[in-house]
Amino acid sequence: MKTHCPYCALQCGMTVTPGSPATVAPRRDVPANAGGALCQKGWTAADLLAHPDRLTAPLLHGEPASWTAALDHVAGRLRALRAEHGPDSVAVFGGGGLTNEKAYTLGKFARVALGTSQIDYNGRFCMSSAAAAANRAFGLDRGLPFPVTDLAEADVVLLAGANVAETMPPLVRHLTGPRLIVIDPRRSATAKLAWLHLRPLPGTDLALALGLLHLVLAEGLADEAYLAARTTGFEAVRTSLAAWWPERVERVTGVPVARMRQAAHALGRADRAVVLTGRGAEQHAKGTDTVTAFINLALALGLPGRPGSGYGCLTGQGNGQGGREHGQKADQLPGYRRIDDPAARAHVAGVWGVDPASLPGPGRSAYELLEALGTPDGPRALLLFGSNPVVSAPASLRITERLKALDLLVVADFVPSETAALAHVVLPTTQWAEESGTMTNLEGRVLLRRRAVDPPAGVRSDLEVLRELAGRLGHDFAAEPAEVFDELRRASAGGPADYAGISHERLAAGTGLFWPCPAPEHPGTPRVFLDRFPTPDGRARLVPVEHRPPAEETCADYPVYLTTGRLLAHYQSGAQTRRIAALIEAAPEPFVEIHPDLAAQLEIGAGDLVEVTSRRGTARGVARVTDAVRPDTVFMPFHWEGANRLTNPALDPLSRMPEFKVCAVRLERVA
């Protein structure tokens, strides 16, 4: 059965062959992994389908229960809490790995069946800063506004804060031709492939972007004709850059002027170039402004809207793009419509058959929602689908306490995650190969995942769970994926992310369709900015931004910076990959990368157990002594419970993205 990988936003094509066990093989017809590439996670994806940890019966207060008893209990508690404390006493938290059909239904369930504004999702921790910056600059957020195959046509590609050799290895096949410039404090696996590696101090990517743009302008590398014809705001940006001369940027970032000049010249003299950002640049309390600075750089070079050139964001989660388009984000309705737009509310309410006035307004963002759980003014119940915040949320010890304070925690999952262990009710759900649905990959290409194997007895899909709960609350919801998608098409019609012309049947006949696709005969839109930008005047907007330090700087008590990231063998909170033998063997435990100078200063040797402490908590890992990190920085992977006990929940004022990528810590060897 032709389908797609359950992991990252590349959504590599694969086939699944049923059996004991089921097996996977790469497809060669999907552009993302053309040539038949899969990473280690993809090759082992079927190993989880029959894993002994698989949940196959509902749990009610830790004991097996029937579906009827579990769902009746949940619905009864939801009714009681809403009656006593109002609709916002109940919250919903989703995930960027849910299919479009699930994300859509989750948003509809929150706003129609529950009447709550309290819904957000873990994609707020992933794509929100890039989305906010792209909407501000271009009037549209689509991770890559061009096909991924365009990358191979570029002469130069700048990767800011992305380690694709580990996070999405098949993408590297599209980067073997261009000269690669990598911005990363670590000498990551991707940095080792680079033609040029720039190593800024964590939290200074914004200053580096300003310095690069200063050089582009000072040395006559800007595309003045493009700026005049296709943008607004350039003069204000030019003026704002006067303070960011290269030598000052070197003092702030630690990146030598000569290397900055080398990067600026390579980008400015290339016929075709692409600027890409990833989580390393985005997961900061100034992430939106950092991405904006890189977009300004791309616009000054005249890149967006030219084949083989442009700006793009490397989406992380499998449906990180579609997951934020169809309503599980606190401020959005399907089709990437704003929930505070009266016309958007009227359109979606018409599809849903409800009064627009009955729809709630914007709710809390992800971290703010989690932090409010169980407080006097916050939600008393949480329904959680496709996320594991005990491991993945910043300041996770605080979030764990908030989850424990709830009157009702309901977790739908297929394995017993760390968050499910705290739940009053656990609902066992289907996995990727056991259900059909659509995903939207990092290109904005809508893809069809097909059901390839039968789920275990006693397991239901998320759509069936939501239909059953909605029915108990007096509402009629669809649970068949194709039927749900047809409703999603109507709800998205005319919106920025218009899926009206896409159907399961069309997707089954090919390798996906790019949105916007407004009509059944429309071919889709692989490149969205060729003629104009979707702004009122058709021009892209350059926005002046200023560098500012990290929300938390080092001091005598916490003298070292911590940065976090992913490993090749694991994915997100590790709830899936830490159960697969081959992946555990490849990366069995958390670790701390420490520069040899810092290790010598602290008398830490390779293999020692190290305790890392921030103002929020403590985590442990095995020391790896390496010059891949800076002497003032340590690195920890976040796939195990621990690293996010340390991270800083300081929020970006626009995107509400927490500052995952930099905080101050101290280290000591555990005796």
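The values are calculated or read from the model by the stated rules, or taken from the named source; none is laboratory data. Everything numeric here is computed off the predicted structure, so don't read it as measured data. Virtual Cβ from ideal backbone geometry, glycine too; neighbours counted across all protein chains shown. Only protein heavy atoms, including side chains, enter the accessible area calculation; ligands, DNA and RNA are left aside. Shrake-Rupley method; radii C 1.70, N 1.55, O 1.52, S 1.80 Å.
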key: Ranking by accessible area, most exposed first, for ASP184, ASP597 with a 1.4 Å probe   = ASP597, ASP184
task = Could you give me the radius of gyration and the Dmax of the stretch 467-535, taking only the C-alpha atoms into account and expressing both in angstrom?
result = 15.0, 50
ask   = So, with a 1.4 angstrom probe, what is the percent of accessible area on the stretch 239-357 that is carbon and sulfur?
value = 51 percent
Which of THR563, ASN122, VAL74, positive extreme of dipole for the chain (C-beta unit charges) = THR563
ask   = Over all Cα pairs of the stretch 488-631, how is the pair count split among 10 Å bins, expressed in % and running from 0 up to the last occupied bin?
value = 9, 21, 17, 18, 22, 12, 1
task = Just the number, please: carbon plus sulfur as a percent of the accessible area of the stretch 409-545, 1.4 Å probe, no ligands or DNA/RNA counted.
result = 49 percent
task = Would you be so kind as to identify which of GLY86, PRO147, PHE485 lies farthest towards the positive end of the dipole of the chain, taking Lys and Arg as +1 and Asp and Glu as -1 on Cβ and the Cα centre as origin?
result = PRO147
query = Leaving out ligands, DNA and RNA, what percent of the accessible area of the stretch 4-100 is carbon and sulfur, probe 1.4 Å?
reply = 55 percent
ask   = Rounded to a whole number, what is D in µm²/s for the stretch 133-179 from Stokes-Einstein with the Kirkwood radius over alpha-carbon pairs (10 °C, 1.306 mPa s)?
value = 133 µm²/s
remark   = What the 10 Å binned alpha carbon P(r) of the stretch 24-83 shows, as percent of pairs per bin from 0, is 18, 24, 18, 18, 19, 2
ask   = Along the charge dipole of the stretch 338-404, Cβ charges K/R +1 and D/E -1, which of GLY350, THR375, GLY363 sits furthest on the positive end?
value = THR375
task = Provide the convex hull volume over Cα atoms per residue for the chain, in Å³.
result = 141 Å³
note = Whole-Å distance linking the alpha carbon centroid of the stretch 52-119 with that of the stretch 549-580 is 30 Å
ask   = Of the peptides 526-532, 619-625, how do they stack up when ordered by the mean number of other Cβ atoms within 10 Å, highest first?
value = 619-625, 526-532
inquiry  = Once ligands and nucleic acids are excluded and a 1.4 Å probe is used, how much of ASP557 is accessible, expressed in Å² to the nearest 10?
reply    = 100 Å²
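Treating the beta-carbon of each Lys and Arg as +1 and of each Asp and Glu as -1, no other charges, what is the dipole magnitude of the chain about its Cα centre, to the nearest 20 debye?
Details: 69 positive and 71 negative charges, 134 e Å.
Here the chain has a charge dipole of around 640 debye.
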ask   = Which value, in debye to the nearest 20, describes the size of the charge dipole of the stretch 427-476 about its Cα centre when Lys and Arg Cβ atoms bear +1, Asp and Glu Cβ atoms bear -1, and nothing else is charged?
value = 100 debye
note = In Å³ per residue, the alpha-carbon convex hull of the stretch 133-233 encloses 136 Å³
query = With a Cα-only, solvent-free Debye model of the stretch 424-480, what are the log10 I(q)/I(0) values at q = 0.12, 0.24 Å⁻¹?
reply = -0.37, -1.00
query = With the other protein chains left in place, how much accessible area per residue, in square angstrom, belongs to the chain at a 1.4 angstrom probe?
reply = 32 Å²
message = Using only the Cα atoms of the stretch 1-149, what semi-axes does the equivalent ellipsoid have when each is the square root of 5 times a gyration tensor eigenvalue? Give whole Å, largest first.
response = 34, 27, 11
key: Cβ-based net charge around PRO87, under 13 Å, with every Lys or Arg adding one and every Asp or Glu removing one   = +2
note = Phi angles of the stretch 438-451, converted by Karplus (6.51 cos²θ - 1.76 cosθ + 1.60, θ = phi - 60°) into ³J(HN,Hα) in whole Hz with x for Gly and Pro, give 10, 10, 10, 7, 5, 8, x, 8, 7, 10, 9, 8, 10, 5
key: Computed P(r) (all Cα pairs; the stretch 245-292; 10 Å bins; percent)   = 22, 38, 38, 1
inquiry  = What would the Debye equation give as log₁₀ I(q)/I(0) for the stretch 385-450 at q = 0.14, 0.17, 0.22 Å⁻¹, counting only Cα atoms as equal point scatterers?
reply    = -0.55, -0.72, -0.90
message = Give me the one-decimal Kirkwood hydrodynamic radius in Å for the stretch 163-285, with the sum taken over alpha-carbon pairs.
response = 15.5 Å
message = Give the average over all directions of the projected area of the C-alpha convex hull of the stretch 501-574, one decimal, in nm².
response = 11.0 nm²
note = The convex hull of the Cα atoms of the stretch 248-368, divided by residue count, gives a volume in Å³ per residue of 158 Å³
